[in-house]
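Student: The following block contains the structure, expressed as structure tokens.
The values are calculated or read from the model by the stated rules, or taken from the named source; none is laboratory data. Source: prediction; values computed, not measured. For neighbour counting, all protein chains shown are included, and Cβ atoms are generated from backbone atoms with ideal geometry for every residue, glycine included. The protein model used for the area step is the full one, side chains on, heavy atoms only, and it has no ligands, DNA or RNA in it. Shrake-Rupley method; radii C 1.70, N 1.55, O 1.52, S 1.80 Å.
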Amino acid sequence: ILGNIAFRNAKSLSRITFSDSLTLIGNAAFQGCSSLKTLVLPKNIVSIGNSAFASCSGLESISIEGNIVLFGKSAFFECYNVESIYFASTTIADMGENNYILYDVGRDGEGITLTMSKDAKLPLQILQPAENKNHPNIKKIVVEDGATNVNYFTGAEYLPYLEEIELPDTITDIEFGIFNNSLWLQNQQNGAVYISNIL
């Protein structure tokens, strides 16, 4: 267990390597670590505390490789410069309502590419904004080969900046309401959607 505020505001901290025995990251453990650019959360980590990586303003890349079963509130709040997020989790995390995990993430960058593993399931609360604003700046979604559906996005109204979606040929099931209210859907000519490896 990495305790609360363990490295809070350690502004010179630029790299983190997590022990294989670490399973829990405490509240605000790395909040304000503005020199951190790359974050890889390995498979053994299952719990991230409130504001664990909030205000890591230099963070550009987040890779969540394990099954996070508990996301704390505002875990990546105000990580303004994130450009890529990789999500491999097959577990629907316990988050409840109004956790604002990716609130304002990527706001100052050119847009985030969100890549999903073939087995991933994305809890929609991860994308939930505050009062329908401050959405994460997700411009592109990529789903890796082998996935059979992307129905975890059904009813997602939290992707107003989404411009591009790449899906593999292995997708066999797409439910009604997918990517609702996204910029991508609004931009489809005459309301038509052409489905191949790229929607």
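Student: Contact order normalised by length for the chain, with contacts defined as Cα pairs under 8 Å and 6 or more residues apart; what percent is it? Don't jump to the answer; show the numbers that get you there.
Tutor: Numbers: 589 pairs, mean separation 24.5, N = 199.
Relative contact order, the chain: 12 percent.
Student: Using a 1.4 Å probe on the protein chains only, how many percent of the accessible area of the stretch 106-171 belongs to carbon and sulfur? Could the numbers behind the result be given before it?
Tutor: Details: 1070 of 2800 Å².
Carbon plus sulfur share of accessible area: 38 percent.
Student: Put a dot 7 Å past each Cα toward the Cβ at Leu185 and Glu157; how far apart are the dots in nm?
Tutor: That separation, rounded to one decimal, is 1.1 nm.
Student: At what distance in angstrom do the alpha carbon centres of the stretch 1-30 and the stretch 124-188 lie from each other?
Tutor: Going from one Cα centre to the other spans 31 Å.
Student: Here's another thing I want to ask about it. DSSP beta bridges in the stretch 77-170, what fraction antiparallel, as a percent rounded to 5?
Tutor: Details: 1 of 13 bridges.
Bridges in the stretch 77-170 are about 10 percent antiparallel.
Student: Now a separate question. Please list, in order along the stretch 148-154, the HN-Hα scalar couplings obtained from phi with the Karplus expression 6.51 cos²θ - 1.76 cosθ + 1.60 (θ = phi - 60°), rounded to whole Hz, x for Gly and Pro.
Tutor: Working through the residues one at a time gives 10, 7, 10, 6, 5, 8, 4 Hz.
Student: Another question, if that's okay. What distance in nm separates the two pseudo spin-label positions at Asn44 and Ser14, each 7 Å out from Cα along the beta-carbon direction?
Tutor: 2.6 nm
Student: Short version: ³J(HN,Hα) in whole Hz for each residue of the stretch 51-57, in order, from phi by Karplus 6.51 cos²θ - 1.76 cosθ + 1.60 (θ = phi - 60°), x for Gly and Pro, what are they?
Tutor: 6, 4, 10, 4, 6, 7, 5
Student: Which entries in Lys37/Lys133; Lys73/Lys140; Lys37/Lys118; Lys118/Lys140 show an alpha-carbon gap greater than 20 Å? Spell out each step's value before the answer.
Tutor: Numbers: Lys37/Lys133 25 Å; Lys73/Lys140 24 Å; Lys37/Lys118 26 Å; Lys118/Lys140 16 Å.
Result: Lys37/Lys133; Lys73/Lys140; Lys37/Lys118 exceed 20 Å.
Student: Accessible area per residue, 1.4 Å probe, Å², for the chain: what's the number? Please report the intermediate quantities before stating the final value.
Tutor: Details: 9490 Å² over 199 residues.
Per residue, the chain has 48 Å² of solvent-accessible surface.
Student: Name the most mobile residue of Lys11, Lys118, Lys73, meaning the one with the largest mean-square fluctuation, in a Gaussian network model of the chain with Cα contacts below 10 Å.
Tutor: Top of the fluctuation ranking is Lys11.
Student: Same structure, new question: Out of Asp108, Asp119, Asp20, any idea which swings most in a Gaussian network model of the chain, alpha carbons joined below 10 Å?
Tutor: Between Asp108, Asp119, Asp20, it is Asp20 that shows the largest mean-square fluctuation.
Student: In the chain, what % of DSSP beta bridges are antiparallel (nearest 5)?
Tutor: Values: 3 of 30 bridges.
Approximately 10 percent, going by the DSSP bridge assignments.
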